[in-house]
Amino acid sequence: METLQTYLPDYFFLALGLLLFLYMATDGYNLGLGIFSLAARREEERAFMIHSIASTWHASQTWLVILGGLLFGAFPVVYGVAMSALYVPVMIMLAGLAFRGVAVEFYDESPNRARWGLAFGLGSLVATVAQGFTLGGLLSGMPVVNGQFAGGWGDWLNPFSALVAAGGAAGFVLLGTTYLAMKADGELRGRALKTAAIAAWAVLAGLSVILLWMSLQHREGRYSLLALRQGHYIYLTVPIFLFEFAMLLRSLRKAEPDKPFQWSVLLFLTLVVGIAAALYPMAVPPGLSIFDAAAPPRSLWFLFAVSAVLLPVMLAYNAWQYLVFRGRAGGADRPGH
Amino acid sequence: MDTLFDSVMLSRLQFAAMAMVHISFSVLTVGLALFIAVMEGLWLRTKDPVYYGHARFWSRLLLLNFGIGVVTGLPLEFAFGNNWAPFAARSAFFGEILGTETLSAFMLEAGFLGVMIFGWNRVPPKLHFFSTCMVVLGSSLSVFWIMVANSWMQSPAGVVVDGGRIILTSYREAVFNPDMVISTTHMYLACLQTSLLVVGGISAWYVLKGRHAAFFARSFQAALIAALVIAPLQVWIGDENGREVANLQPTKLAAMEAHWETNPAGQGAAWIIAAWPDEANQRNAWAVEVPYVLSLLLTHSPTGEVKGLKEFPRDLHPPILMTFYPFRVMVFAGFAFLGLALWTGWRWKKGALTAERLAGERRLLYAWVAAGPLAWAAVEGGWITREVGRQPWLVYGLVRTGEAATPLPPGAVAASLAGYLVIAGLLTAAFVGLAARVLAQGPDASMLEPPQARPGS
């Protein structure tokens, strides 16, 4: 038990990585679709997009809730430090998510659909950009003294986090448009695929600039992810990423039904794995490790038992719900319409 | 202890606003989901399409309510890190209970809601019913876990404080802390009571308007049956809860009752109907009292001792006014519901509530319509009492609220609070408008025809 106990922080590091990936992959396509809906040409198109996610967006957003809950329980110091340091982008993200969420539910009941359609799009855009700044702000490093954030309240706003926000938005649009390509037909599908290709190149460009910026920072002796103990692991994910990128472009060109979305999800998986590998064992770079930030052993054991049982169960019923609503989207499921 | 508009006070106001907004939607989710599950179960058993119609009709309202409930709950979770970082970092137990809640309850609701609302034609009826039950289970579990966390803040058991950190010594004691069972029951009943009053009030409104009167007479009767059980039960549990508070949090009890002086031996403490507490001079400027009743309520003896606020140092007094009056709102509402349930039960016994005769009971129906909004007043009043009455503590007796807040720049908190109020106001107004629109449309034909049985069902 004693030996096992030393690995509990690692387990939670992995579990949180998995939850981050699940959130990005599932709510990423909802938010990306929201951004793409701003370019819808007719209200029916926007209605189609909103209907295509109406049955599963709750579950997608709930991965974020679980990410927060598990972070709070397993690494309470990180939760306090990161959330207060990122106060502004987190608040903006919550506002964006609020408009996005209620817009999905209110859209069909409202006499003024266009207004909620716009709230859906703008809420998604705001939430996506704020999430980029949140992640970018965390990764750009936070000074921690005595378990409290010791930096400035505007530290999250920097060139690195701006790049992450831009790249993240492109990535979510990629997920959203490839998701739409599975659900839609005809001209809308064609446009989604075309946008997906542009978004894919934008992701590649964004990541290249981020990598370049990090190496320049590193060379000048300033902090970046590369300065961490395992920072160089990022380079290992580059060939995998490029391979997946090539396969994504191929499937987009062939206009395959499900493959572009699947490759996009894999791209995000590779990204999360790369970030996690570089970060380990840090919870908040540059200096707060998962071992320093972990809750007392009893708490970790408790949450380990709960999450090890429930995470697989959750994955199973989520998969079932996706299975129930798989395939082309239709409007016949709406209550009262 | 606070100057107005420092970041601690602003964080408190923000948390209070977020909690009060969120709770007004989540109580309805819990009870309405249960009501829908009961209707769906009755449909599967009796094959009566009226039950199916109710399950479909109320689902439409549930969805509107659920969406806004979810997005108003998210900021609350993040607030513990955003605004209360020292608390988040120092307290064992609270974080893992919240984590457990997200893992066991929230995904269960969200993971099955899609099938419950949109899956009627996609899965066999029994599997659909199962999904509905999972949503009910998820929302009920979320009541349980959040009340475990909150009751532990009211009566922290199973922990020791060591060098400023709270160390857990027993999960069993912490989860089953002295306040947990009674307050969880009180809260769950509040969810059911709010929902039955909403269902009953809306049904009464349709009957009054003569729209689908027979259809809504059915849900009105269901609400009445629930009310006859829940309204008296809630009064009894509320009374038990009050005595528990007297026991565990004597300062809160004294503030709730604006009770300054401990009653001398042989004299009873009076129950105050209304008063103006004068905190500066530690007395009530005026009070309307019923003699002996406070002693009777709390000790079941007309002269039992009830400790007054003056027994405790002044820096441990909660704000009196914001504890005293919200408590009275809740209590008066609770008794009003009991009266309404008894009145309706009496009319039922007289045979006046059959589908044909119900429309004639106009005064009764109007009372039900009015009782809906009062249900929310009771819930908010109860929560203000509970949380304001706990002050100056965040965790009663262990952590003071003032030392648990993030030292954020006040401007940032003020801006986020203002932003929250504007957005929550806008969304709530939109919700009310759209819910009214759904009600004005009423049930349509598509909701009244059950789907054909499918293979495998």
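The values are calculated or read from the model by the stated rules, or taken from the named source; none is laboratory data. Keep in mind it's a predicted model, so treat the numbers as computed, not measured. Using ideal geometry, Cβ is built from the backbone for each residue, glycine included, and neighbour counts are taken over all protein chains shown.
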Of the residues in the range B:109-133 that are of a type in the set (A, V, I, L, M, F, W, C) and more than 8 Å from chain A (Cβ to nearest Cβ), the one that is nearest to A:ILE50 (Cα to Cα) is B:MET116
Looking at the range A:112-119, is at least one residue within 12 Å of another protein chain (Cβ to nearest Cβ), farther than 22 Å from A:ILE275 by Cβ and in contact (Cβ under 8 Å) with a residue 24 or more places away in the chain? yes
Exactly one of these conditions fails for B:PHE337: (1) within 29 Å of the chain's Cα centre (by Cα); (2) without any contact (Cβ under 8 Å) to a residue 40 or more places away in the chain; (3) within 30 Å of B:LEU28 (Cα to Cα). Give me its number. (2)
Here is a check on your reading of the model: is B:GLY397 surrounded by fewer than 19 Cβ atoms within 10 Å (Cβ to Cβ), within 30 Å of B:VAL160 (Cα to Cα) and more than 14 Å from chain A (Cβ to nearest Cβ)? yes
Quick check on the range B:340-356: of everything there that is over 10 Å from B:GLN221 (Cβ atoms) and aromatic (Phe, Trp, Tyr), which residue is farthest from the chain's Cα centre (by Cα)? B:TRP346
Scan the range B:218-238 and give yes if some residue there is hydroxyl-bearing (Ser, Thr, Tyr), touching a Ser or Thr at 6+ places or on another chain (Cβ under 7 Å) and assigned to a helix (DSSP H, G or I), otherwise no. yes
Within the range B:423-431, does at least one residue satisfy the condition of being away from chain A (no Cβ under 14 Å) and farther than 30 Å from B:VAL160 by Cβ? no
Of the numbered conditions (1) in a loop (DSSP other than H, G, I, E, B); (2) touching a residue at least 12 places away in the same chain (Cβ under 8 Å), B:ALA287 satisfies every one except a single condition; which is it? (1)
Run down A:THR134, A:THR195 and say which single residue is away from chain B (no Cβ under 14 Å) and touching a residue at least 40 places away in the same chain (Cβ under 8 Å). A:THR195
All positions within the range A:82-93 that are over 19 Å from the mean Cα position of the chain (by Cα) and at the interface with chain B (Cβ under 7 Å from one of its Cβ atoms): A:SER84
Residue within the range B:366-385 that is in a loop (DSSP other than H, G, I, E, B) and either more than 30 Å from B:VAL161 (Cβ to Cβ) or among the charged types (D, E, K, R) (or both) present: no
In the range B:47-60, is there at least one residue being in contact with a Gly (Cβ under 6 Å, 6 or more places away or on another chain), at pLDDT below 95, facing chain A (nearest Cβ under 7 Å) and closer than 22 Å to A:TYR107 by Cβ? yes
In the range A:142-156, what count of residues is obtained for those that are under 23 Å from the mean Cα position of the chain (by Cα) and away from every other protein chain (no Cβ under 11 Å)? 3
Please work out if A:LEU31 is under 23 Å from A:LEU271 (Cα atoms), within 7 Å of chain B (Cβ to nearest Cβ) and buried (at least 24 other Cβ atoms within 10 Å of the Cβ). no
B:GLY411 meets each of (1) within 14 Å of another protein chain (Cβ to nearest Cβ); (2) surrounded by fewer than 19 Cβ atoms within 10 Å (Cβ to Cβ); (3) not in a helix (DSSP H, G or I) with one exception, condition (3)
In the range A:167-185, is there at least one residue being in a loop (DSSP other than H, G, I, E, B) and without any contact (Cβ under 8 Å) to a residue 40 or more places away in the chain? no
Does any residue of the range A:150-159 turn out to be part of a helix (DSSP H, G or I), at pLDDT below 95 and closer than 22 Å to A:VAL126 by Cβ? yes
May I ask you to say which residue of B:VAL136, B:VAL161, B:VAL115 is within 20 Å of B:ASN65 (Cβ to Cβ) and in contact (Cβ under 8 Å) with a residue 60 or more places away in the chain? B:VAL136
Wholly inside the range A:255-335, helices (runs of 4 or more DSSP H) that include 3 or more residues that are away from chain B (no Cβ under 12 Å) and buried (at least 17 other Cβ atoms within 10 Å of the Cβ) are A:259-279
Search result, residues across the range B:293-306 that are part of a loop (DSSP other than H, G, I, E, B), in contact with a Leu (Cβ under 8 Å, 6 or more places away or on another chain) and not β-branched (Val, Ile, Thr): B:PRO302, B:GLY304
In the range A:94-101, is there at least one residue being touching a helix residue (DSSP H, G or I) at 6+ places or on another chain (Cβ under 9 Å) and more than 9 Å from chain B (Cβ to nearest Cβ)? yes
Residues located in the range B:310-353, provided they are out of contact with any strand residue (DSSP E or B) (no Cβ under 7 Å at 6 or more places or on another chain), over 24 Å from B:SER195 (Cβ atoms) and either assigned to a helix (DSSP H, G or I) or of a type in the set (Val, Ile, Thr) (or both): B:LYS310, B:GLU311, B:ARG314, B:ASP315, B:LEU316, B:MET322, B:THR323, B:TYR325, B:LYS349
For A:ASP108, state whether it is in contact with a helix residue (DSSP H, G or I) (Cβ under 9 Å, 6 or more places away or on another chain), within 30 Å of B:ILE167 (Cα to Cα), touching a residue at least 40 places away in the same chain (Cβ under 8 Å) and in a helix (DSSP H, G or I). no
Taking the criterion of being over 21 Å from A:MET93 (Cα atoms), part of a helix (DSSP H, G or I) and among the hydroxyl-bearing types (Ser, Thr, Tyr), would at least one residue in the range A:18-41 satisfy it? no
Selection from the range B:116-154 of residues that are of a type in the set (S, T, N, Q) and surrounded by fewer than 21 Cβ atoms within 10 Å (Cβ to Cβ): B:ASN121, B:SER140
